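Structure first, commentary second.
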Amino acid sequence: MAVLWLDDIRGDDLETVGGKAASLGEMTSAGLPVPPAFVVTADTYRSFIEATGIEDELFELVDIETEDSAALAEAADAAQELIRETPMPEELHEEILGAYGELGDDVPVAVRSSATAEDLPDASFAGQQETFLNVTGEELVDKVRECWASLFTQRALYYRQEQGFAEEVVDIAVVVQQMVDADKSGVMFTSHPSTGAPVVTIEAAWGLGEAVVSGAVTPDNYVVDRNTGDVQDKTVAEKKVMHVRDEESGETVEREVPADKQSEQVLSDAELEELRETGEMIEEYYGTPQDVEWAIYDDELYLLQSRPITTISEEAAESGVADGGAAAVQSDDEEIPVSGLGATPGRASGEAKIIYDLDQLDKIGEGDIIVAEMTTPDMVPAMKRAAGIVTDEGGTTSHAAIVSRELGVPAVVGAETATQQLEDGQYITIDGEKGSVEAGADETADHDAVEEVRPDTPVTPMTATRVKVNVSIPNAAERAAATGADGVGLLRIEHMILSLGKTPERYIEENGKEAYIDQIVDGVRSVADEFYPRPVRARTLDAPTDEFRQLEGGEDEPEEHNPMLGYRGIRRSLDRPEVFKYELEAFRKLYEMGYDNVEIMLPLVNDSEDVLQAKQLMEEAGIDTEKRSWGVMVETPAAALGIEEMAETGIDFASFGTNDLTQYTLAVDRNNENVADRYDAMHPSILELIGQTIETCREHDIETSICGQAGSENEMVRFLVNEGVTSISANIDAVRDVQHEVKRVEQRLLLDSVR
């Protein structure tokens, strides 16, 4: 038979119906409230490609190296087109529609793919294949075929090869399930998703669950003790929109939540208790914590999906432990006359390894302390191996400070004489919060870079102001995602390019434009994967000429007295459009690969003319500026004062780069220790520029955000929330603190409004 009903499916039918359908069948057999559904089996998909004679051609098309972005895109398009254009055999067509008829007359259904390498205990490929909601009538057959085709999207092909799944053994089933026209819906973790502790976490919003899963709405959040039923924490969010079924078109549409329900608690105490009991029942039945999608319609609870939580008990060894190793048993009473600025919190012990040039990086082993005048992007691989970092130069916004914070490696910067005062091979302990450097080793100085930023509770404080995270290097993506941030507010492209060791022109000359494009695609993709479907805002190239001069080909860079005021950002990109086009081509490829969560941000714009020129180049590169999200950084007084004209160019967002905005407004070089005491992001002039920009953008329905260093400071957070900023992007180690500060400010504003 081409189809099976849930009543006939069990958890061990994975190869026949895929992970999603097997789970639904198992829940149905357990008497749990699952809406009726049938499954077009994986064998049916296999029979389709065999009977129609497309099997050999299909697997030949996708027999490519997925790291080759061009080949991946071509293979994905061709494979999907082959399936879509191959007619469905008449007998199969009739059997699918016959099963659909048993659900009722023109009943709206959800059509969900259920691949045989999906929702597994050790490999959850959630969101890889297509789902269609509110499907009716004859279109069901086309949607089944669309699900089959989605087995070969670029993202799906890439993931399967990364996970070691051979294409020939992965099949796909399709679940056809009666839609629940939900009054309220959401997601439930039956246990703590990091520790496995017995607490149930529930997110809930009005309408269909698509709004919660896609991030279109900030849901209510509840944490319930599974043993006692006590509500440990509850956050009632302002839910401005909901997804519902449009009566006329039958499609899922976004509607505004009625004003009287926007701030109303979604779940009653009785519903919370029912969900808790159901969650406990599901976990006991499966014997492992579950991630459950649920809906409530007409006071009845329905379970739409359940899959294992795959984030519990991950090996600490795979998450970047920085420790002192053998140095933990060494001690030394000698006093070291070295100290600096604390750049990354944490204590680390190890052997000091003095680095004077890049040729010496090989001597950095696991657990060593890098000691250098300053760090560069070429040093990132060694920085990942190191237990700690000490630099002579630099402040809290230097390369060493930014990268070490993201990697979670304790760092002391601006120590002035560290490379002279410390000896190669000497055991030292550094404190990345106090900025101290001590002789000898501290056996307690070890930490887990990922786990230290993972919240103690999985519950993210629910806020109307989204809290995102800054990412400078793709290597930090896992650590950034562990914070639970709402997305990436700043991903710096320049660190990917500078790490090539060559200027863009020299790299392209020696390796070709496709290799250059692929470097950008791979870097952005690794971050977009970690956060999908949460947005990742990637900034186009913004590196000063002094950083390029250190690379091969750098001798052709202009000599500038103050590179921070010179040939960088959008001005460089527009002056060298032939190179900028390759960056844009990388973004176009990412969109083709399905990374619709990537946003483009243009740095150091001064006026609308800059924006319009860049927009034209984006469109020439094949980027739909109406469909894709893009915007500008506000880093100069000119940009802040000219935001109204820029708003008319079609930008979707404006993001404050306070590091540059402060130095350009106050005439303070942030890397000059002689005027460091005058660097003040909270200066009234800076706040005036930011406040005016937020107000103007709000009038034009343009989002505003901050991605500069100041976004991690509570004083700036309080100011921005009061002004009505849309989102705040913080450093990795500051995300949770910012989330709580935002929540406090929003609650105070709410209280003030009703007093």
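The values are calculated or read from the model by the stated rules, or taken from the named source; none is laboratory data. If you're wondering where the values come from, they're calculated on a predicted model, not measured in any experiment. Because the Cβ atoms are built from the backbone with ideal geometry, glycine has one as well, and the counts that use them run over all protein chains shown. The area values use the complete protein model at the heavy-atom level, side chains included, leaving out ligands, DNA and RNA. Shrake-Rupley method; radii C 1.70, N 1.55, O 1.52, S 1.80 Å.
Altogether, the Stokes-Einstein calculation at 4 °C and 1.567 mPa s, with the Kirkwood radius of the range 190-303 over Cα pairs as Rh, returns a diffusion coefficient of 87 µm²/s.
Taking the C-alpha atoms only, the angle from helix 90-103 to the longest principal axis of the chain is near 90 degrees. Once the Cα atoms are used to define both axes, helix 577-592 deviates from the longest principal axis of the chain by about 30 degrees. In a simple Cβ point-charge model (Lys, Arg +1; Asp, Glu -1; nothing else charged), the chain has a dipole of about 1800 debye relative to its Cα centre.
Remark on the range 532-609: ratio of C-alpha radius of gyration to 2.2 N^0.38 Å is 1.26. Our summary gives the chain a relative contact order of 9 percent, counting only alpha carbon pairs under 8 angstrom and 6 or more residues apart.
Cα centroids of the range 397-429 and the range 280-308: 49 Å apart. Residue farthest toward the positive end of the dipole of the chain, with Cβ of Lys/Arg at +1 and Asp/Glu at -1: which of ILE570, PRO87, ALA382? Result: ILE570. The distance separating the Cα centre of the range 79-100 from that of the range 519-559 comes to 45 Å.
Ellipticity at 222 nm from helices only: DSSP H runs of n ≥ 4 in the chain, each -39500 (n - 2.57), divided by the residue count, give -10500 deg cm²/dmol.
If you look at the Cα atoms of the range 637-698, you get an Rg and a Dmax of 12.9, 41 Å. P(r) of the chain in 20 Å steps, Cα pairs, percent per bin? Histogramming the chain at 20 Å steps yields 16, 46, 33, 5, 0 percent.
Setting aside same-chain residues fewer than 8 positions from LYS615, which lysines have a Cα under 29 Å from its Cα? Of all the lysines, those that pass the test against LYS615 - Cα under 29 Å, at least 8 places apart if same chain - are LYS468, LYS502, LYS513, LYS581, LYS589, LYS627.
With all protein chains in place and ligands, DNA and RNA left out, the 1.4 Å accessible area ranks VAL169, VAL241, VAL536 as VAL169, VAL241, VAL536, largest first.
The range 1-48 has equivalent-ellipsoid semi-axes of 19, 10, 7 Å, by the square roots of 5 times the alpha carbon gyration tensor eigenvalues, sorted largest first. Helix 513-531 and the long axis of the chain differ in direction by around 70°, with both axes built from C-alpha atoms.
The Cα-based radius of gyration and maximum Cα-Cα distance (Dmax) for the range 711-755 are 10.6, 36 Å. Under the shape rule built on the C-alpha gyration tensor, where the axes satisfy a ≥ b ≥ c, the range 468-522 is prolate, since a/c reaches at least 1.5 and a/b is greater than b/c.
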